[in-house]
Amino acid sequence: MPTPLRSNDQSAPARERRNWKVRSLFAIALRRGPVRYWTGGALLVGVVAAVFFWRFSPASVRGDASVAYSEASWALANKQVATLLVADNGGRLVLKLRTPRMANGHEIRSVETVVPAQAVTLADLERWGAAGTTVRVIEPHTSNADRLIQIVSVILVLSLLVAYAVHHRGALGTNKFSPSPASRHLTLRDVGGAREAQADLRDVISYLRSPARFLAMGAHCPKGVLLVGPPGTGKTLLARAVAGEAGCPVIVAAGSDFNEMYVGIGSRRVRQLAKQAREAAPCIVFIDEFDSLGGRRGRPNRSGEEEVTLNQLLVEMDGMAGNNGVVWMAATNREDMLDPAVRRPGRFDRVVEVPLPTAADRLEILRIHASRSKLSKDVDLDRLSQLTVGHSGAELANLLNEAAIIAVQDTGDVITNAHVEQARDRILLGRVRSGMVINDQERRLIALHESGHAIVGMVACPEDKLHKITIEPRGRSLGAAHFSPEADRHLHPRRYLEGIIAKALGGRAAELVFLGPDAVTTGAGSDLVQATGIARRMVAEFGMSDTIGLVSADPNAQGGSVSGQLQGEIDTAMRALLAAQAARAEAIVRQHRDAVEALSIALIEREVLTADEAYAMAESFGVKTGRSGAATV
Ligand code: ATP
């Protein structure tokens, strides 16, 4: 009967599985990447060296049997020894016998004996030599244990050296920068707002597209463009969009890439970057966070190494002819920190401001990011752009991204207005701390505090609109009365700033009015920081104090730090300003005590009140809110 095929069928999958495992192991080994290869290579070299040492290092000299010294001495004296090997610095003698002897069925051709170190003298050797024995002194050799230690040490040292080199290969100067291939993937259409910056950058784009046209007219493109603006306003995005528009590669580096603890690495990197740029020209070199590279020389905490690196950059920028098609772009939030040499003509001589987006810019940015997500019809981007005064492009992108994440968790397939609202609260106020237990007394306190902020804010600072009041503990706060400006403002009148201070002190005022001076809480800590900061700037920077007058305490204006007398006067004026606004806030709370109470009760019941609910409630108690065009107190 033929062997059933079935048995083979059963073993085939097992064999296949085994083969697959072996193949997978190989695949994993091959997929390890350069770091593992280097370490593996070092270990291999170490093992080969170990085998080599073991195999070829001089073997130790041994006799076939070990005998007592007296027996060895007798054999030497009676001329039975053909050759005497003196090993281990005279500590061991190996005697090769003239006539082999038998012991326990084995033929013994040599014997060895141990002697106390240095007991064998030169006179002994001469005597044995004279008796016809060939005397040979063997160089001291290492024992097997010694050799093992040497080998292990070699392997360890080699592995450590390679691991160190691999770990620090970035620092030791391996290439850190590589040009990203030319792509038109990102263009100026992906940048919302920043119209002036885009206009400023158009000639750079035209130059990079066809440098020859410019050269024919004898024109040079700006060699360096410095993008200056607050964080997240799209400076990096602009640089990439310029490269995309021009269809040229861009090499991106960060100022901190050039700061290393090793001497000479920073300047070496600058040379490397310049060389790569020349090879990839026409191209853009973009250095983000440029102030850490281009910072003022001679500053107190600036190291010599950093200065050398900056000098190298200046040299490289000078060294490049204007027509070689490399445009250096750099971005910083701290233009004031830069060394003047960086800004001179021929270096970063074109400064492009990238400010925070205006309402129209914000709408454009929101539209760009919204086009990548599924938005429900109830999301009003126009309204959102008005509610996000002071937000950068990055913050707007983050807002929509958070909303998308919340929508996904909500298992919805579109982003609704509720998701956007939740995302806004999460970003502005922090995550809800659902595990936090707050007792009833504290809840009442928090509700009163926030209601105080809300009513004083509505009355004293109507320019900012209430967005919502909440006593949900979020992030680090236990509650918030969240106001936001209705429109972009570039100048702030004194009355507005005083209103902000009063609003900030409204929480403490409510505690004072409802609970008395002994029961006020620590809840006003951060409010005082805000109020004091504004008061200080009003008095010391903006000339808004009648007692101080039109004097600036700015050290640049004063030619150094302010005098003790002026500082004392500033402190007194600040206190007076804060005290006046605290009294104003208290007066508003006393006047609208019922409204504050009603808001706090509603908050305790519902935790969150929308702007409409809060305004309606306040107005029903006769509060003249800014919304109804009321006069301020
Ligand atoms: P930083 O100064 O902190 O380095 P930056 O000004 O370089 O910030 P980017 O890194 O360019 O800001 O912006 C971060 C992200 O924010 C961008 O990837 C983009 O998603 C979004 N963003 C910022 N500004 C804009 C804009 N004007 N239009 C569209 N998206 C923007």
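The values are calculated or read from the model by the stated rules, or taken from the named source; none is laboratory data. Only a predicted model underlies this, so the values are computations on that prediction, with no experimental measurement involved. Here Cβ is always computed from backbone atoms with ideal geometry, including for glycine, and neighbour counts include all displayed protein chains.
The selection criterion, being without any contact (Cβ under 8 Å) to a residue 60 or more places away in the chain, of a type in the set (S, T, N, Q) and in the same structural domain as Val529 (by TED's automatic domain parsing), does not hold for Gln581.
Within the range 213-254, the set of residues being within 11 Å of the ligand (Cβ to nearest atom) and of a type in the set (D, E, K, R) comprises Lys235, Arg240. Cβ separations smaller than 8 Å between residues 6+ apart or across chains give no pair from the range 406-424 residues that are within 19 Å of Ser484 (Cα to Cα) and in the same structural domain as Thr610 (by TED's automatic domain parsing) to residues that are assigned to a loop (DSSP other than H, G, I, E, B) and not charged (D, E, K, R). Counting residues in the range 213-221 that are at pLDDT below 80, of a type outside the set (A, V, I, L, M), crowded, with 20+ Cβ neighbours inside 10 Å and more than 23 Å from Ser392 (Cβ to Cβ) gives one or more. Of everything in the range 357-387 that is in contact with a Ser or Thr (Cβ under 8 Å, 6 or more places away or on another chain) and part of a loop (DSSP other than H, G, I, E, B), the residue that is farthest from the ligand (Cβ to nearest atom) is Asp378.
Just one of (1) buried (at least 17 other Cβ atoms within 10 Å of the Cβ); (2) in a helix (DSSP H, G or I); (3) modelled with pLDDT under 95 fails for Val596. It is (3).
Scanning the range 425-446 finds no residues that are buried (at least 18 other Cβ atoms within 10 Å of the Cβ), touching a Phe, Trp or Tyr at 6+ places or on another chain (Cβ under 8 Å), assigned by TED's automatic domain parsing to the domain that holds His592 and of a type outside the set (Gly, Ala, Ser). Residues that are of a type in the set (A, V, I, L, M, F, W, C) and not in a loop (DSSP other than H, G, I, E, B) were ranked within the range 403-418; the one that is surrounded by the fewest Cβ atoms within 10 Å (Cβ to Cβ) is Val408.
The set of residues from the range 322-350 being within 16 Å of the ligand (Cβ to nearest atom) and either exposed (fewer than 14 other Cβ atoms within 10 Å of the Cβ) or at pLDDT below 80 (or both) comprises Arg334, Asp336. Listed by first and then second residue, the pairs with beta-carbon distance under 8 Å, at least 6 apart or on different chains, first residue in the range 216-241 and over 16 Å from Phe286 (Cα atoms) and not assigned by TED's automatic domain parsing to the domain that holds Gly294, second in a strand (DSSP E or B) and more than 10 Å from the ligand (Cβ to nearest atom), form an empty list.
Restricting Val327, Val308 to residues that are assigned by TED's automatic domain parsing to the domain that holds Ala246, under 30 Å from Pro179 (Cα atoms) and either touching a Cys at 6+ places or on another chain (Cβ under 9 Å) or among the acidic types (Asp, Glu) (or both) narrows the list to Val327. Considering the range 602-612, and only residues there that are within 19 Å of Val432 (Cβ to Cβ) and of a type in the set (D, E, K, R), the residue that is surrounded by the most Cβ atoms within 10 Å (Cβ to Cβ) turns out to be Glu607.
In the range 256-269, the residue that is nearest to the ligand (Cβ to nearest atom) out of those that are without any contact (Cβ under 8 Å) to a residue 60 or more places away in the chain and within 21 Å of the chain's Cα centre (by Cα) is Ser256. In the set Glu450, Glu472, Glu421, only one residue is within 30 Å of Ala519 (Cα to Cα), away from the ligand (no atom under 16 Å from the Cβ) and part of a helix (DSSP H, G or I); that residue is Glu450. Do you know which residues across the range 540-550 are part of a loop (DSSP other than H, G, I, E, B) and touching a helix residue (DSSP H, G or I) at 6+ places or on another chain (Cβ under 7 Å)? Met544, Ser545, Thr547, Ile548, listed by residue number.
Matching residues to (1) surrounded by 13 or more Cβ atoms within 10 Å (Cβ to Cβ); (2) closer than 28 Å to Asn439 by Cβ:
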site	(1), (2)
Asp554	no, no
Gln558	yes, no
Gly564	no, no
Glu569	yes, no
Thr572	yes, no
Arg575	yes, no
Ala579	no, no
Ala585	yes, yes
Val589	yes, yes
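The residues in the range 422-443 that are in contact with a strand residue (DSSP E or B) (Cβ under 9 Å, 6 or more places away or on another chain) and among the charged types (D, E, K, R) can be counted, and the count is 5.
Which ones in the range 480-534 are closer than 26 Å to Arg606 by Cβ, in a helix (DSSP H, G or I), of a type in the set (Val, Ile, Thr) and more than 35 Å from the chain's Cα centre (by Cα)? Hit for the range 480-534 is Val513, nothing else. Please verify whether Leu400 is within 16 Å of the ligand (Cβ to nearest atom), surrounded by 18 or more Cβ atoms within 10 Å (Cβ to Cβ) and at pLDDT below 90, treating the condition exactly as stated. Judged against the criteria, Leu400 is not a match.
Restricting attention to the range 144-166 and to residues that are closer than 28 Å to Ser267 by Cβ and surrounded by 12 or more Cβ atoms within 10 Å (Cβ to Cβ), the residue that is modelled with the highest pLDDT turns out to be Val162.
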